[in-house]
Amino acid sequence: MKKPVIGILGSGNMAFCLGQGLLEAGYLIKEIHSTNVKEGKILAKRLSSKYFSNIDKIEGKADLYLFCLPDDAIEIVSKQFPFKNKLCVHTSGSVPLNILMKQFQNCGVFYPVQSLNKNILTDWNSIPICIEGSNDETEKSLNSIGKSISKKVVKLNSDQRKTLHLSAVFANNFSNACYQISADILSNANISFEL
């Protein structure tokens, strides 16, 4: 199967980390769109891509567009995206697939179950990736892309993915909150957290 040429919308942690992982797996990242000009240009340079600040200027040279956007921006940007015939995929754990299905016949979800930070090297082999597609061909393509960077790719529907995302948020964020409470207790007692 020929690797699709990829375009990325967004320039946050997901865009940086996933873009780098896909580049290292041999994918060509052709276009980057971001309204954050500084970060968009940095990402485009890192991925040897062309940068567009205006969504209407995107050239449509990618086969697949990854919407690496905040949850509340996915629907808004999908309405503005000019290439309705392209495969468009979001990376959110909590946004249902039907948000994209309103705009695109071929669409999907490619959700890495991991908090990502563009300043920390990402080990994609150990990150589970959850996929969902609007049709079998899309799911097959997303499965192939997922397996090119991760050892674990799982098909989950929107409800299952939302439940997983909620669980992951609890496990990640609340354990961090407990560490902070522990640090505060120790600090108040003049005891080093290092202990």
Q: Could you tell me which of the residues K155, K151, K102 is among the basic types (K, R), in contact with a helix residue (DSSP H, G or I) (Cβ under 8 Å, 6 or more places away or on another chain) and closer than 20 Å to Q20 by Cβ?
A: K151
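From the list L100, L142, L164, which one is open to solvent by 30 Å² or more (accessible area, probe 1.4 Å) and among the aliphatic types (A, V, I, L, M)?
Of L100, L142, L164, the one residue that is open to solvent by 30 Å² or more (accessible area, probe 1.4 Å) and among the aliphatic types (A, V, I, L, M) is L164.
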Q: Could you check, for segment 173-181, whether at least one of its residues is modelled with pLDDT of 80 or more, surrounded by fewer than 16 Cβ atoms within 10 Å (Cβ to Cβ) and under 28 Å from G26 (Cβ atoms)?
A: no
Q: Enumerate the pairs (first residue in segment 179-193 and without any contact (Cβ under 8 Å) to a residue 12 or more places away in the chain; second residue anywhere and part of a helix (DSSP H, G or I)) with beta-carbon separation below 6 Å, excluding pairs fewer than 6 apart on the same chain, so at least 6 apart or on different chains.
A: F193/A183; F193/L186
Q. Which of the residues spanning segment 146-159 are more than 16 Å from Q114 (Cα to Cα) and either touching a Leu at 6+ places or on another chain (Cβ under 7 Å) or modelled with pLDDT under 95 (or both)?
A. N157, S158, D159
**Q.** Test: residue in segment 47-67 that is of a type outside the set (G, A, S), touching a residue at least 60 places away in the same chain (Cβ under 8 Å), surrounded by fewer than 22 Cβ atoms within 10 Å (Cβ to Cβ) and in contact with a helix residue (DSSP H, G or I) (Cβ under 8 Å, 6 or more places away or on another chain)
**A.** no
Q) If we keep just the residues of segment 1-16 that are among the hydrophobic types (A, V, I, L, M, F, W, C), at pLDDT 95 or above and open to solvent by 10 Å² or more (accessible area, probe 1.4 Å), which is farthest from the chain's Cα centre (by Cα)? A) V5
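A quick yes/no check of all residues on (1) free of Cβ contacts under 8 Å to residues at least 24 places away in the same chain; (2) within 18 Å of C130 (Cα to Cα); (3) of a type in the set (S, T, N, Q):
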position	(1), (2), (3)
G19	no, yes, no
N36	no, no, yes
K45	yes, no, no
I76	yes, no, no
P82	no, no, no
P96	no, yes, no
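The values are calculated or read from the model by the stated rules, or taken from the named source; none is laboratory data. Just so you know, these numbers come straight off a predicted model, no measurement behind them. In this analysis, Cβ positions are derived from the backbone assuming ideal geometry, glycine residues included, and neighbour counts consider all displayed protein chains. In case anyone asks, the SASA skips ligands and DNA or RNA and just uses the protein heavy atoms, side chains included. Shrake-Rupley method; radii C 1.70, N 1.55, O 1.52, S 1.80 Å.
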